[in-house]
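Okay, so here's the structure we're looking at.
Bear in mind that the values in this text are calculations on the coordinates, not laboratory data. All values reported here derive from a predicted model rather than from experimental measurement. FYI the Cβ positions are ideal-geometry reconstructions off the backbone, even for glycines, and counts take in every protein chain you see.
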Amino acid sequence: MKEKVFILECEIYSEDLIYKKLKEIIDLLDLKDIPDKILIKPNMLSARRPQEGVTTHPAVISAIAKVFKDKNIIIGDSPANFSRPLEEYWEKCGYKEISEKYNIPLKKFEKSILIEIKVNNKTYKIPLTSFINEFSIINVPKFKTHSLTTLTLGVKNLYGLIPGVSKSILHSKFINPYDFSDFLVEFYKKIENRIFLTIIDGIVGMEENGPSAGKLRKIEYIILGKKPIYVDYVCCKLIGIEPEKIDFIKIYKERYGIEEIEIIGEYKKIKNFKLPSTKKYFFIRNRVLSKLVSPLVKNFKIIPVINEKKCKKCYACYNICPVKAISKDLKFNRKNCILCFCCFEVCPYKAIDVKKSFIAKIFT
């Protein structure tokens, strides 16, 4: 049986319009066993306003809440920047209003369980929100690029089920982007039976250097399916990228296989969608220059730097760094920096720039 993925044309953030489109296809997905308890998991990366395109738009969350209003629903996420109160996230992202409108609780991921995940023949104990034992997940990512995984879609959004600072610590264990994608695949595989539905907010997405400092790009689609890996696969096709060029999709396909997909809905491919500059960097460093002379590799660098004109000294970068490579006076220790770009990801003021060495500029 083919895996169904729906592409819904949607040009504007209208709750009524999104609700109508979602309602029409629920029967087509053959959702006979809709769970009674649902956790809606948005992408709540940063405390940013909806129009900034960093987080899942509240109109999408509100429409989903309306579709499943007869169920026991909660909304929850766990941003990596634990230094800011979560209430500030709910307010700025627009989810507090939804909570009040539909009487839906907003939940912190305070309690966790431990799961075991095996990556490269080594077992890791990973904290995971305890809500996963009780609730099925409606996974609602934002269509964006990402410095490590190239794209952050359905599979990557599930990383937010890991509470708070634990997410950044894991970057110190899986430094290489390929190893991190390997971890994502095994993490996803461990919890995939808890994912009820994946609905990607692609009305306005983000290209170039996402997930928080890229350029907004009108995509004008909502992409929906049961399994995140299949939805992500179709998203790649939508923007003209071979899915196997995305590490976590490649790893999953080789290890577990991907069945035939039935794409439902008319769509036009998004042309010239721009990927993050770090994609070329990691590919050239790890798969090209690593086979050549070491001085060339040593001087091939792309590093995060703090733009002092934009910096507001909120210390999000300091708090998030998994290897303490940023000091309290906001200086980088380059020997410790593992180039995970967590600082770049969480900065709410776009005050982390990506600086290239001369050799990197030539190659990328």
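Put in line by how crowded their Cβ is, counting other Cβ atoms within 10 Å and starting with the fewest, Asp182, Asp247, Asp77, Asp27 read Asp27, Asp182, Asp247, Asp77. Could you work out the longest stretch of the chain that avoids the GluC sites (Glu not before Pro) located in DSSP loops with at most 14 other Cβ atoms within 10 Å? Counting only loop sites that pass the neighbour cut-off, the longest clear stretch is 135-258. Highest GNM mean-square fluctuation, the chain, Cα pairs closer than 10 Å: which of Cys340, Cys314, Cys236? Highest fluctuation among the options: Cys314. For the options Ile74, Ile264, Ile223, a Gaussian network treatment of the chain with springs between C-alpha atoms closer than 10 Å singles out Ile264 as fluctuating the most. Measuring against 22 Å, Cα to Cα, the residue pairs Lys2/Lys37; Lys190/Lys218; Lys227/Lys350; Lys107/Lys167; Lys125/Lys167 contain Lys2/Lys37; Lys190/Lys218; Lys227/Lys350 as the ones spanning a longer distance.
The long axis of helix 58-67 is offset from the longest Cα principal axis of the chain by roughly 30 degrees. Note on the chain: with a GNM built from Cα contacts shorter than 10 Å, the maximum mean-square fluctuation among Leu158, Leu114, Leu106 falls on Leu114. Projecting the Cα positions of Leu128, Leu39, Gly94 onto the charge dipole of region 3-264 (unit charges on Cβ atoms of Lys, Arg, Asp and Glu, taken about the Cα centre) puts Leu128 furthest along the positive direction.
Taking a point 7 Å from the Cα of Asn333 along the Cα-to-Cβ direction, the residues of region 341-355 with backbone N closer than 19 Å to it are 341-344. Helix 177-191 and the longest principal axis of the Cα set of the chain meet at an angle near 30°. On a 21 Å Cα-Cα criterion, which of the cross-link pairs Lys92/Lys312; Lys274/Lys356; Lys4/Lys269; Lys21/Lys108; Lys71/Lys96 come out too long? The answer is Lys21/Lys108. Each label was represented as a point 7 Å from its Cα along the Cα-to-Cβ direction; for Glu308 and Lys190 these points are 4.3 nm apart. Please give the Cα centre distance for region 141-198 versus region 300-364, rounded to the nearest Å. After rounding, the separation between the Cα centres reads 21 Å.
Between helix 15-26 and the chain, what is the angle of the helix's C-alpha long axis to the longest principal axis, kept within 0 to 90° and rounded to the nearest 10? Roughly 80 degrees, rounded to the nearest 10.
Positive end of the dipole of the chain (Cβ unit charges, origin at the Cα centre): among Phe344, Leu114, Gly76, the Cα lying farthest that way belongs to Phe344. Here the chain is assigned +1 on the Cβ of each Lys and Arg and -1 on the Cβ of each Asp and Glu. Its dipole about the Cα centre then comes out at about 1820 debye.
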